[in-house]
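Everything on this sheet refers to the single structure shown next.
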Amino acid sequence: MTTTSAESNGLGRSSAAKPMHELPYGFGKLLEEADFDTAVETAVEVLAGQGFGIAAHIDVRKTLKAKLGVEFRRYVILAACNPALAELALEIDPHIGLLLTCNVVVQEGVGSGLYVAVETSQPLFQFTHHPRLKFVAVETERRLRLAVDEMR
């Protein structure tokens, strides 16, 4: 029997992918995953599957509590970098490091649920006026979209 994406995945949940939301400076989606730590681990894994490593892991909640005494929802920023694409970009423009790493945010929703969002890479590369960087920007975003699409 063939299973369609809208049918149950055997865990009592639909296996249909949540739709991607376009944001003014990125894209993201609501996650089916209910456990925050699992969602962050999954983000790291799917990013690795697309060739990205995590250069920094910023726990915003912990930082705001420690520095300002402020309570905040669970919110993690992952600074993702694809070394092969970064090396190519740096060969084209040695100052592009000012724009490198792609921020991936996993956060508890304001209401309920978890949300993952990624900044889009293309506007950043438009600042440089190097047409050869367009490939790097498009390929980076393609891989990031594939990674987010894998998250449930």
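Criterion first (in a strand (DSSP E or B) and either among the aliphatic types (A, V, I, L, M) or out of contact with any helix residue (DSSP H, G or I) (no Cβ under 6 Å at 6 or more places or on another chain) (or both)) does residue 129 satisfy it? Don't jump to the end; show me each part of the working.
Details: in a strand (DSSP E or B): no; either among the aliphatic types (A, V, I, L, M) or out of contact with any helix residue (DSSP H, G or I) (no Cβ under 6 Å at 6 or more places or on another chain) (or both): yes.
The answer is no for residue 129.
Within the range 95-152, work out how many residues are in contact with an Asp or Glu (Cβ under 7 Å, 6 or more places away or on another chain), hydrophobic (A, V, I, L, M, F, W, C) and within 17 Å of residue 41 (Cβ to Cβ). Step through it out loud before you land on a result.
Of the residues in the range 95-152, the ones in contact with an Asp or Glu (Cβ under 7 Å, 6 or more places away or on another chain) are 102-103, 114, 120-122, 128, 130, 133, 152.
Still in the list and also hydrophobic (A, V, I, L, M, F, W, C): 102, 114, 133.
After this cut, where a residue has to be within 17 Å of residue 41 (Cβ to Cβ) as well, the list is 114.
Result for the range 95-152: 1.
With under 20 Å from residue 24 (Cβ atoms) and without any contact (Cβ under 8 Å) to a residue 24 or more places away in the chain as the only criterion, which of 119, 87, 141 stands out? Spell out the reasoning first.
Working: 119 fails: without any contact (Cβ under 8 Å) to a residue 24 or more places away in the chain; 87 fails: under 20 Å from residue 24 (Cβ atoms).
Residue meeting the stated conditions: 141.
Counting residues that are among the aromatic types (Phe, Trp, Tyr) and at pLDDT 95 or above, which helices (runs of 4 or more DSSP H) fully inside the range 13-115 reach at least 1?
Numbers: elements: 36-49, 60-68, 83-92.
Hits in the range 13-115: 36-49.
Of everything in the range 28-50 that's in contact (Cβ under 8 Å) with a residue 40 or more places away in the chain and farther than 14 Å from residue 150 by Cα, which residue is farthest from the chain's Cα centre (by Cα)? It would help to see each step written out before you state the result.
Start the filter on the range 28-50 by keeping residues that are in contact (Cβ under 8 Å) with a residue 40 or more places away in the chain, which leaves 28-34, 36, 39-40, 42-43, 46-47, 49-50.
With farther than 14 Å from residue 150 by Cα added as a condition, the list becomes 34, 36.
Working: 34: 17, 36: 15 Å.
Selected residue: 34.
The values are calculated or read from the model by the stated rules, or taken from the named source; none is laboratory data. It should be emphasised that the depicted structure is a prediction, and the values quoted were computed from it without experimental measurement. Ideal geometry is used to build each Cβ from the backbone, glycine not excepted, and the neighbour counts take in all protein chains shown.
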